[in-house]
Amino acid sequence: MSYYMEIVNASKYYKKFHAIKEVSLSISKGEFLTILGPSGSGKTSLLKLIAGFEPLSSGSILLNNQDITNKKVYERNIGMLFQNYALFPNMTVYNNIAYSLRIRKLGKDVIHKEVERVLKMVQLEHLATRYPNQLSGGQQQRIALARAIVFNPPLLLLDEPLSALDKNLREHMQLEIKHIQEGLGITTISVTHDQKEALTMSDRICIMNEGRIEQIDTPLNIYKHPKNKFVAEFIGEINLLKGQCVEVDQTYVQVKLQNNKVISIANDGYSNTLQSQNVYVALRPENIQIVKEAGQLRNSIKTKVIETVYMGDSIKFILESDQGEKIVVILPSSQAEQAINEKEFIIGWDASDATVIVDEQPSSNRDLSKEKELV
Ligand code: ADP
Ligand code: MG
């Protein structure tokens, strides 16, 4: 398989601080990859390495079969859109966009044609003669996007460009950027800490933590089959019930919970859980049901209600299991209204509604020197 862009074993030190730790990542042409992670996990640093704003400490970067590791920013020709990537205040919209073509020494006619093309794409042809301070925040970001794509870059980097916009506008712009990205087929790496944005916009999501990649996968697999506790807890709300794997066969993984109750989870091939390993049964709040009696679904647990939160279209129940673990259940109001005043109930779920996660430390906390000795 040949990839359009590859980062191979990239490390970045700021003096002694190890900000990016042996990151490897491959992207196909036209793909939209989102890097998601907590603040300080190294997202911006990784983009800076790709753009060429910071040199790598070790490793290499390939773009379209060329090694760009030691190339200058302008030689890489990459399009960029940052949160604070301000437009030039003293230039009109037209000149802001034309600027990236003028420094590339293109002819006047070509520049005119290209500026018109991208202005049309962001639907702001009518604002060509305005200055940035005469535009709304959303319009400014559209112009910044037009400026980033006007020279047909091989790669587009987005670093939280929408985080300063209010929610409605942000969601609108997410769709707009996605449509433009798909229309152009431009390979894109986007950074965000907004998990909803990541889930809706991306072909794949890369979860970062403390300078390392925890998991790269499709939004669906990241949500349904998180590889470890960090990923599971980072994306969406999830219940993690501690237990020990007692049996694995082709159909089920059986897990003994702390109260000795055995739970069956469909063996979907995603977790490589082994017998006697310490694990978590991972259950999304929306995949749990309230049942009349144990046995109605493959798995069930008796619970006490700690708190009930009415949220309009849904109801959130905060429960405590008979082994003292907190379990959150979210049900559509239409299904759960009758349970709103209950103090106890039995919850259940089918074998395919849960997944198993091996209880290991996130990769960033592991002692790699020990792992190397083992190999
Ligand atoms: P994110 O974008 O995920 O919030 P950053 O890549 O900005 O994270 O930062 C990752 C880590 O590297 C942080 O701990 C940050 O303080 C540190 N860092 C970033 N840039 C520099 C720099 N120029 N000098 C020293 N440390 C830096
Ligand atoms: Mg950042």
| Candidates Gln123, Gln141, Gln174, Gln181 - the one that is of a type outside the set (Gly, Ala, Ser), surrounded by fewer than 17 Cβ atoms within 10 Å (Cβ to Cβ) and away from ligand 1 (no atom under 16 Å from the Cβ) | Gln123
| request: Identify the residue in region 60-110 that is in contact (Cβ under 8 Å) with a residue 12 or more places away in the chain and among the small types (Gly, Ala, Ser) and, among all such residues, is farthest from Val191 (Cα to Cα). | output: Ala98
| query | Among Leu25, Leu62, Leu47, Leu56, which is the only one that is closer than 26 Å to Ala232 by Cβ and more than 13 Å from ligand 1 (Cβ to nearest atom)? | reply | Leu25
| From the options Ile50, Ile20, residue that is within 16 Å of ligand 2 (Cβ to nearest atom) and under 19 Å from Gln181 (Cβ atoms) | Ile50
| Qualifying positions in region 195-204 - out of contact with any Asp or Glu (no Cβ under 7 Å at 6 or more places or on another chain) and in contact (Cβ under 8 Å) with a residue 60 or more places away in the chain | Gln195, Glu197, Ala198, Met201, Ser202
| request: Sort out for me the helices (runs of 4 or more DSSP H) sitting completely within region 156-274 that have 1 or more residues that are among the polar types (S, T, N, Q) and within 16 Å of ligand 2 (Cβ to nearest atom). | output: 195-201
| task | Answer with yes or no whether Leu81 is aliphatic (A, V, I, L, M), buried (at least 21 other Cβ atoms within 10 Å of the Cβ) and out of contact with any helix residue (DSSP H, G or I) (no Cβ under 8 Å at 6 or more places or on another chain). | result | no
| Out of curiosity, is Ile20 away from ligand 1 (no atom under 14 Å from the Cβ), in contact (Cβ under 8 Å) with a residue 40 or more places away in the chain and either touching a helix residue (DSSP H, G or I) at 6+ places or on another chain (Cβ under 8 Å) or in a loop (DSSP other than H, G, I, E, B) (or both)? | no
| request: Just give me the residues in region 1-17 being within 13 Å of ligand 1 (Cβ to nearest atom) and either aliphatic (A, V, I, L, M) or surrounded by fewer than 17 Cβ atoms within 10 Å (Cβ to Cβ) (or both), in sequence order. | output: Ala10, Ser11, Tyr13, Tyr14, Lys15, Lys16, Phe17
| Which of (1) in contact with a helix residue (DSSP H, G or I) (Cβ under 8 Å, 6 or more places away or on another chain); (2) within 16 Å of ligand 1 (Cβ to nearest atom) is the odd one out, the single condition Phe151 does not satisfy? | (2)
| message | Looking at Gly324, Gly312, Gly348, can you tell me which residue is out of contact with any Ser or Thr (no Cβ under 6 Å at 6 or more places or on another chain), at pLDDT 90 or above and small (Gly, Ala, Ser)? | response | Gly312
| Would you pick out the residues in region 332-360 that are hydrophobic (A, V, I, L, M, F, W, C) and under 30 Å from Gln244 (Cα atoms)? | Phe345, Ile346, Ile347, Trp349, Ala351, Ala354, Val356, Ile357, Val358
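The values are calculated or read from the model by the stated rules, or taken from the named source; none is laboratory data. Worth saying up front: this structure is predicted, and the values here are computed from it rather than measured. Here Cβ is always computed from backbone atoms with ideal geometry, including for glycine, and neighbour counts include all displayed protein chains.
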